[in-house]
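Values in this text are rule-based calculations from the coordinates and carry no lab data. Every value quoted in this text rests on a predicted model; they were computed, and no experiment measured them. Ideal geometry is used to build each Cβ from the backbone, glycine not excepted, and the neighbour counts take in all protein chains shown.
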Amino acid sequence: MKQFYLFISFISCLACKLQAQDTIPLAEVEVSDTQLKRFSDTQQTIELSDSISIKNQASLTSLLNFNSFIYFKQNGLGMVSSPSFRGTTAQQTAVLWNGININSQFNGQTDFNTINIRNFDAVEVRSGGGSVLFGSGAIGGSIHLNDYIKFSEGFKNTAFVKYGSFNTIDGSYKSSYSSEKLSLNIALSRVNSDNNYEYVGKDRNNSNGQFYNQSVSANVGYKLNENNLVKFFTYIYDGDRNFSLIVPTETRTSYSDFNTRNMLEWDGFYGKFISKLKVAYTTEHYKYYANIYNDSYTEGKANSVIGKYDLAYHISDGILLNFVSDINHTNGEGSSIAQNKRTITAFNVMWKHILSNKFLYEVTSRKEFTQNYESPFLFSLGAKYKLLNDYEITLNGSKNFRIPTYNDLFWAGSGNPDLNPETSYQLEFGNHFKLNKVDLSITGYYNDITDMIRWVPQGSVWKPVNTQHVATYGIESKLKYQKKFGKHTMTINGTYTYTKAKDLDSEKELIYVPNHKATGMLQYKYKRLQAYYQYMFVGNVYTDSDNNPLYSLDAYGISNTGLSYHFGRQKGYQIGTEINNLWNVNYQSVRNRFMPGINYAIYMKLKF
Amino acid sequence: MKYFFKSCLALLATACMFTSCDDNDDDDVIVEPTGEYADGYFILNENGGLGASIATFVGDDGVVTADPIGTVNTDFDVTTTGTYLQDMFFDDSRAFVISGSGNLVLVFDRYTMEYITTVDTDFASPRYGTVVGDYAYVTNYNDYSVGEDDFVTIINLNDYTTTTLDVNNNAEKIMSEDGLVYIANGYYGSGNAVTILDPSTNGLTSIDLGTGNTPNSFEEEDGYLYVLTYNYTNAALFTIDLAANQVVAQTDFPAAIGEASNLEIEDDVVYFTVSNAVYSMPLNATEVPTEPIFSYESDSAWGVMYGFAVEDNTIYIADGGDFSSNSTAYEYSLDGQLLNTITTGVGPNSFHFND
């Protein structure tokens, strides 16, 4: 008995001692997308804050198109939108919600017009391979939608409403309360638009393009004690779009999405160990109406249960050893897909070593197991070295993959159960300058992707097969400059990308990958007044497999500008106005799909 | 001197034509059927989502015009024309082009390809068209998965008003001969009849071809309707006596031949295709040949023999290619010698002879 008492005292003392020694990094408490924070030192990330997102439309497409390296093709404003990141396909960009991969189980991609950015605290873009950390699809890069759980911030509210051309209403409301132990957050958002913009230089309007979407998210954090924290996240999205018509007499179609994501997380901070146990349940359900005047539709439904255990061991100040094990069970079916279940189990081992304030390296690896296909061993190796006080270089090499989707594997009469994942080897080299008021990064990359899954005709049906061999390579650069003089502040943000994506068999470029894309934002602030000018340039793209210049889409440059005024106590109130496509440029991001000309919006944001 | 005179006449005719273009109301000027595109044939380019050249024109002189319609009508783009251009057909002075996705029919001057108007009422996934007198008849899929809801849109060519006529059966290929309209009731394995539409009464007469025998092409010749069908086992050629509206002969093809389609009859010779091969046999033959006349090379797995025609001792073949870039059409002699290779637009699907 005495021994037991001693043991307990010893443990408690040790625990006290460990606790006393330990300072838990804030990011480990606030953010659930742990791997993004721990293992992104040797790759490029861009965080898009609220002050940027307020100037853009509510869709993730608009935000990333104007502020990141990613190129988008949209079937008209608000319609189906797919990214090409570093010249890759839409399935080769992973989208994560609080660390959970939410690309559709059916087509393997996220439609970036079905995500309303107003719900999230931060949107981050991470360039390059990340399949070890973020799973399938993180080849071109990954997009991270994160909610922060914050404590001791009291009661806060933000209301936002924007009204714009084409009867577009974009509103959101966020409320949070946090004490030392408890954190409660709720966010509501809704966008709806008639989206009946006039085509520039044509006597015609966009028809059947109306849409709405609404989302609710609620997040709770509760500190059980100093060492244990429980979090709960939920996010519900409901959206309905009609698809705009090329010719007004086309048959009218529409598409609706209903998605839910829920996650329960238990974090434990035990000295050198950080343990995170997560259980998530996600659902997706789409309906496609081939004729809006009929009740008949086709659909797909999938539910996934995800379990994840993450144990980080901070061996010493500069050494982190991280184990992650996860299991993902999906049950899906659709109009053309019989009910199918898929279970994937994965084990990760990751290592990060900060040797000095000049040099660090990281090594990560992952192996998945599933009955559906042979899954490759994935890894990444990265290093960062500070050559000079204001100059750093990064080097990263990785193997990544994109797994076959439900449509690929199980589509009635066409699905190919023998598919393998697409795999990619990539190498990148980054240069990062931090000079006085200028931050400049230039990264070159090469990406070799094999076993690309393409649907090709096989007799009288189309079947997906592992066939294409593609190389994508290029340069990504970003620039940030800030200067203050007196009450004036000027900020410049810019990106430029050069991209080549080639089919190595045909030697032709992939369609819809511009060689050049650039974005720029000039912001100027004087006292309570802020003005900005935003610009995006997209080079010409081929739209046919022969790269016939006759069918290429012209380059376009789009400018937006706006003015806002901050007032009230602590400048918590803001009113603003914006003009989009200032020069009324007639452009198409997808052939025959015209985008809006000049259009306007006014907005108001109240923090209280 | 004779030549000079002819040239003058041609010049005059052209001048008249341009005058008439400038003044659309001037109906008094009667010109001979002549124009840039009067002598030759069109290859219709289905176009998919690309929205490029609607038709390629091959003149009798061999000169190829890649995009006559776009050249003549410079303000045209896909927001006017639609995509999935299914069929082209003519009356005496006009050419009609059907856009399957646009639910519309474009009307052009047959010989100059100048745009006249668009008919866009009463269509639901239109397919093929034909003209009898002052009316055009266009078949419609409507809901693709339902055969019974298919219908024919009847266009009054005087004022371009439309009405519809229910077919109560699959409605796909359509043609007219001697004042009657013939409709093949079948696509992709459903439907097994031919319907005769009498324009004077709009009455329908259906002729059953037997379960599973889905018609894919047909031809009228000397009072008989010849229909090529396929039932997933073997093809068959039906002969229908149009005096009695009765099947009078059925020639079953050996199953080894496979899916025969693209029936053409020219000078009492029957032509058909299987995959990339062209076959022929005398009309009224009872034995079906198992060896083709020739076959052509194609790396298009989905668009092999996408368009086929036999006209004036020449066999015409269009290869669909990959449906996302320009493709190719070929002219062959009747014994299979390659005569000419033509670069077409995207997804060439049919030949339409203008003379």
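Some notes on this structure:
- Nonlocal amide H pairs with A:S104, under 5 Å, H built at 1.01 Å: A:Q109, A:T110
- For the peptide B:116-124, the mean number of other protein chain Cβ atoms found within 10 angstrom of a residue's Cβ is 1.
- Nonlocal amide H pairs with A:V456, under 5 Å, H built at 1.01 Å: A:K463, A:V465
- The dipole here belongs to chain B: it is taken about the Cα centre, uses +1 on the Cβ of Lys and Arg and -1 on the Cβ of Asp and Glu, and is about 600 debye.
- Percent RCO, i.e. relative contact order, over segment A:180-272, from Cα pairs under 8 Å lying at least 6 residues apart: 26
- For segment B:121-208, the Rg and Dmax computed from alpha carbons only, in angstrom: 11.9, 37
- Once you reduce segment B:155-191 and segment B:245-319 to the center of their Cα atoms, the two points are 24 Å from each other.
- Entries of A:K287/A:K308; A:K162/A:K231; A:K37/A:K384; A:K174/A:K571; A:K480/A:K527; A:K37/A:K278 with Cα pairs more than 24 Å apart: A:K287/A:K308; A:K162/A:K231
- Charged side chains reduced to their Cβ positions (Lys and Arg at +1, Asp and Glu at -1) give segment B:121-208 a dipole of some 180 debye around its Cα centre.
- Across segment B:51-64, coupling constants 3J(HN,Hα) worked out from phi with the 6.51/-1.76/1.60 Karplus curve, θ = phi - 60°, read x, 10, 4, 6, 8, 9, 10, 10, x, 4, 7, x, 6, 9 Hz, and Gly and Pro carry x.
- Rounded to the nearest whole Hz, the Karplus-based 3J(HN,Hα) values (6.51 cos²θ - 1.76 cosθ + 1.60, θ = phi - 60°) of segment A:39-49 follow the sequence 10, 10, 5, 9, 10, 8, 10, 10, 9, 9, 7, with x at glycine and proline.
- Furthest towards positive pole of dipole, A:G307, A:N107, A:T330, structure part segment A:2-607, Cβ charges: A:G307
- With R₀ set to 30 Å, the beta-carbon distance separating A:F608 from A:Y309 gives a calculated FRET efficiency near 0.15.
- Between segment A:530-582 and segment B:126-151, the Cα center-to-center distance that results, in Å: 45
- From helices alone, chain A scores -2000 deg cm²/dmol at 222 nm; the rule is -39500 (n - 2.57) for each run of n ≥ 4 DSSP H residues, then divide by the residue total.
- GNM flexibility winner over chain B from B:S295, B:S145, B:S333 (Cα, springs under 10 Å): B:S145
- Part-to-part distance (alpha-carbon centres) for segment B:87-105 and segment A:106-163, which is given in Å: 49
- Each Cα pair under 8 Å and six or more residues apart adds its separation to the average, and for chain B the resulting relative contact order is 12 percent.
- Nearest-20 debye value, segment A:2-607 charge dipole, Cβ charges on Lys, Arg, Asp, Glu: 2000
- Modelled spin-label separation between A:S552 and B:N340, with each label point placed 7 Å from Cα along the Cα-to-Cβ direction: 3.1 nm.
- Highest-MSF residue in chain B out of B:P254, B:P215, B:P126 [GNM, Cα springs under 10 Å]: B:P254
- Each Cα pair under 8 Å and six or more residues apart adds its separation to the average, and for chain A the resulting relative contact order is 11 percent.
- Rounded to 0.05, the FRET efficiency of the A:F155 and A:V456 pair, given R0 = 56 Å and the Cβ-Cβ distance, is 0.45.
- Cα-based shape type of segment A:2-607, given that a ≥ b ≥ c are square roots of the gyration tensor eigenvalues and the cut on a/c is 1.5: rounded
- Shielding value for B:318-329 is 3, the average number of Cβ atoms from other chains within 10 Å of each residue's Cβ.
- Gain on full extension, evaluated as 0.36 nm per residue between A:Y222 and A:D50 minus their Cα-Cα distance, stands at 59.4 nm.
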